[in-house]
Each structure stands twice: as C-alpha cells, then as structure tokens.
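Presented below is the structure to which this report refers.
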Amino acid sequence: MASLKTLSGTPRQHGFTFPAEWSKQRATWFSWPRPEGISFPAKYETVPANIALFIREIAPRQTVHINVPNENYERIAREQLIAGGVPKRFFGPLTALEETPSRTSRIQFHYMKTNESWCRDHGPAFVTRTRKGKKEFAIVDWGFNAWGGKYPPFDSDDAVPTRIAEELAAARTPGFAGVFYPKHNGLPVIMEGGAIEVNGKGTLLTTESCLLNKNRNPNLSKSQIEKYLKDYYGQSHICWLGDGIVGDDTDGHIDDLARFLDPRTIVVALETDRKDANFKILRENYKRAQELRDQDGRPFNIVEIPMPGRLEHLGQRLPATYLNFLFINGAVLVPTFRHKNDRLALAILQKHLPRHKVVGVDSVELIWGLGSIHCLSQQQPA
C-alpha cells in the first residue's frame, strides 16, 4: 500500500496552482448531511431531496464522491438520492461489499466521518501542475475551525482533506503527488474554500470581513495572509472586497458576494431595496469591485446580478444569493428561491456564460442551513 507523501515547500514553489472553477473537472466531492448534525435543525427531512436535484445534474457529467460515516449511511444516502430522481445506473455495488472498489460508477461513497456537510470549507483544495507533459495534482490541507470556532466539535471535518489524500495514495491514483500543510509557527493556517475565488490567471478574490477576522488567524497580518494565499493557491495577485451579506455565519464568504465568470469578468450581487440591510453592504462591494485591477493591472468587467429578496425561516434571516452557484463540466448550477428575480438572474448568467448550460435548482429548503450548492461541494480538477 502506498504511503501518503507530505510535500515540503509550497505549491507555488513546485509549480502548482488552484485552477479556475470552470476548468475541466474530474469530480465533485460532497459530505452527506446527517440528521444529528446542527446545520438543518427541524428541517433535515427536506434537505436530501434538495441535494439530489443538484447531484442529478452533476452525475451525467462527471464523478460524484460522497463522504458518509459508514455502510448504514451509504444505504440511506443511496435511497434518498434515488428517491430524488438520481438514476440507479449511476450507482455501483454497495462499497462495503466490494473487496476492491471498482471506482467505475458515477457516484462513489467513502466511509469518512464528518461533523457537518459543508465540503467547500472542510474539503481539500486541489492544486494542479503539468510536468513533462503529464498532469499532476496535490491536496492543500488548510486548518479548519468551523468559521471561527462557532460550531464545535469540528475535528472530523478538519481531518477530511488528509483522509481523502490517504485514500488517493492507497489507491495509487495516477498523478497524485501528495499533500501540503500550511502552517505558521507550527500551527495550521485556517482557511475555507468559500472564502476565495480565482480567475485562472493569477488573481485571487476574497473579503476582509472573513480572512482578516481574528477568529481565524489572529497572529497573521494582512500581508502575511496574502503571502499564504499566493503561496498555497499558487496565485500572484490578491483582490479584497469588504463585508458579507446579512445572515452569512461565515463572516462574509466571497461566494455569496462576487464570483469570476471568466478571467476578466466579475459578477457582483446588488440589492435594489434601500430598506434592506444588504443594500449598503452590496453597494459598497460593487464600488470596490469597480476599482479592482487584475494581475496585469487591467480593470475587470463588472456584471450586476439581483438578489432574491428577503428569505427567513423561524424569524432568522437567511443568506440567499444567486452567486452560490457551482461550475461543473458544461454547466453551471444556480440556486433559485421561488422569487421573481430567479428568471432574471439565470438569464444574466446564461448571457455571460454562452458555453455553459445554466441550470436553476430550487434551494429554498437547502438555504436553511445557511448555504447552498457551492458551499456543499468541492471540485476536483481533471
């Protein structure tokens, strides 16, 4: 059995980079929600069917990896996905019954305990490089502390990237080089996947409200954080926006505010209701986006997209936004919220993404967990 290789230095030093999300993908990773988890209180029974709607779109296009605690949860997840319309042909034999998993089915399960289901933030960051004409990839295992220690325990979530890396090493996965561990003075550097966006040309976009929050890396300055971003995501230029939207318990992840559509284009959310608490926040971020420059000093093309109005559940404001969309091979999956702006948002994205099929997927049940499809998933590049 191959042992897991810990890589020295940084991904940037070794020529690795974190690809733009629209790059060709090998797979999408999920961590299946558990009824005893805290993400969907009193609403869990409606969530698996909502997730199934997304996986039904992903599975025909690429492999779907799903982390579950054990065989029983795999059986439950299979039943829930099939009930949600995912074709049975995408499933192989039950993982526990396979002496050597074939890994040929489109939906593959991994027995890997997690605390919650937000794989964008606790999952691995896959970085890639081309060496001697061959594509190689590695995993960056950032530290994870449940968005500033808000939701303990989080030890199982924090271990997910290394667990995945161990499986890839054991399977002698072609092109897998090993794992990087970002540390500062011996302590893991805290980072979440939803906190960053890259344009595929060297620019990374993030927010001050999240990455400069002292509940993540209190001993790191802004310049030190920028260096870690550049070194471990393999980027050359960092752009900053300000605060996150109301209801976002991550302290302002960028994937609710602004996203790259291509290397030169950023789509930014705007709220038109002046009485809405998001109005000033999003206007300020829009102004800042207009002033940003890319890695070559050029301004970005800024595209506006509306917000889906005010969504609440049990009196709690929910962070509903169309920007929590997910690129997959040939398509973009966009959360919708039964609002009049749904159709307009989809049309805006389709206009600027002519090579992708823009697919709206109802996320009214899912957003009760304070996230949507991008938060739940992590792409693995090809």
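The values are calculated or read from the model by the stated rules, or taken from the named source; none is laboratory data. Since we're looking at a predicted model, the values are computed, not measured. Here the Cβ positions follow ideal geometry from the backbone for every residue, glycine too, while neighbour counts run over all protein chains shown.
Determine whether R274 is at pLDDT 95 or above and either in contact with a helix residue (DSSP H, G or I) (Cβ under 7 Å, 6 or more places away or on another chain) or within 15 Å of T203 (Cβ to Cβ) (or both).
Spelling it out, it is not the case that R274 is at pLDDT 95 or above and either in contact with a helix residue (DSSP H, G or I) (Cβ under 7 Å, 6 or more places away or on another chain) or within 15 Å of T203 (Cβ to Cβ) (or both).
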Exercise. Do we have any residue at all in region 322-336 that's over 23 Å from Q25 (Cβ atoms), touching a residue at least 60 places away in the same chain (Cβ under 8 Å) and out of contact with any Phe, Trp or Tyr (no Cβ under 6 Å at 6 or more places or on another chain)?
Worked result: no
Exercise. Which of (1) part of a strand (DSSP E or B); (2) over 20 Å from L376 (Cβ atoms) is the odd one out, the single condition R89 does not satisfy?
Worked result: (1)
Exercise. So, in region 171-186, of the ones that are at positive phi, over 22 Å from the mean Cα position of the chain (by Cα) and in contact (Cβ under 8 Å) with a residue 24 or more places away in the chain, which residue ends up surrounded by the fewest Cβ atoms within 10 Å (Cβ to Cβ)?
Worked result: N185
Problem set entry | So L4, is it surrounded by 15 or more Cβ atoms within 10 Å (Cβ to Cβ), hydrophobic (A, V, I, L, M, F, W, C) and within 26 Å of F91 (Cα to Cα) | no
Exercise. Within the bounds of region 257-277, is there any residue that is part of a helix (DSSP H, G or I) and either surrounded by 15 or more Cβ atoms within 10 Å (Cβ to Cβ) or in contact with a Pro (Cβ under 7 Å, 6 or more places away or on another chain) (or both)?
Worked result: no
Exercise. Do the conditions hold for E291, that is, is it charged (D, E, K, R), under 23 Å from I51 (Cβ atoms) and surrounded by fewer than 22 Cβ atoms within 10 Å (Cβ to Cβ)?
Worked result: no
For this session: Please verify whether region 143-165 includes one or more residues that are of a type in the set (D, E) and surrounded by fewer than 19 Cβ atoms within 10 Å (Cβ to Cβ).
Result: yes
Seminar exercise, completed: Among (1) surrounded by 15 or more Cβ atoms within 10 Å (Cβ to Cβ); (2) within 30 Å of K132 (Cα to Cα), F90 falls short only on (2)
Problem set entry | Every residue from region 337-372 that is more than 21 Å from F260 (Cβ to Cβ) and either β-branched (V, I, T) or in a helix (DSSP H, G or I) (or both) | N341, D342, R343, V364, L366, I367, W368, G369
Exercise. In region 40-51, what count of residues is obtained for those that are surrounded by fewer than 20 Cβ atoms within 10 Å (Cβ to Cβ) and on the phi < 0 side of the Ramachandran plot?
Worked result: 6
Seminar exercise, completed: Scanning region 274-292 residue by residue, those within 22 Å of P335 (Cβ to Cβ) and either of a type in the set (S, T, Y) or in contact (Cβ under 8 Å) with a residue 12 or more places away in the chain (or both) turn out to be D276, A277, N278, I281, L282, N285, Y286, A289
Problem set entry | Selection from region 187-244 of residues that are part of a loop (DSSP other than H, G, I, E, B) and free of Cβ contacts under 8 Å to residues at least 12 places away in the same chain | K214, P218, S221
Exercise. Taking the stated definitions as given, is A125 touching a residue at least 40 places away in the same chain (Cβ under 8 Å), on the phi < 0 side of the Ramachandran plot and of a type outside the set (K, R)?
Worked result: yes
Problem set entry | Leading residue by the ranking (farthest from the chain's Cα centre (by Cα)) among those in region 24-46 that are under 24 Å from I328 (Cβ atoms) and at pLDDT below 95 | T46
For this session: From the list S39, S23, pick out the single residue that is over 30 Å from Q316 (Cβ atoms) and in a loop (DSSP other than H, G, I, E, B).
Result: S23
For this session: Mind listing just one residue for me: the one in region 43-68 that is in a loop (DSSP other than H, G, I, E, B) and out of contact with any helix residue (DSSP H, G or I) (no Cβ under 9 Å at 6 or more places or on another chain) and, of those, nearest to V160 (Cα to Cα)?
Result: Q62
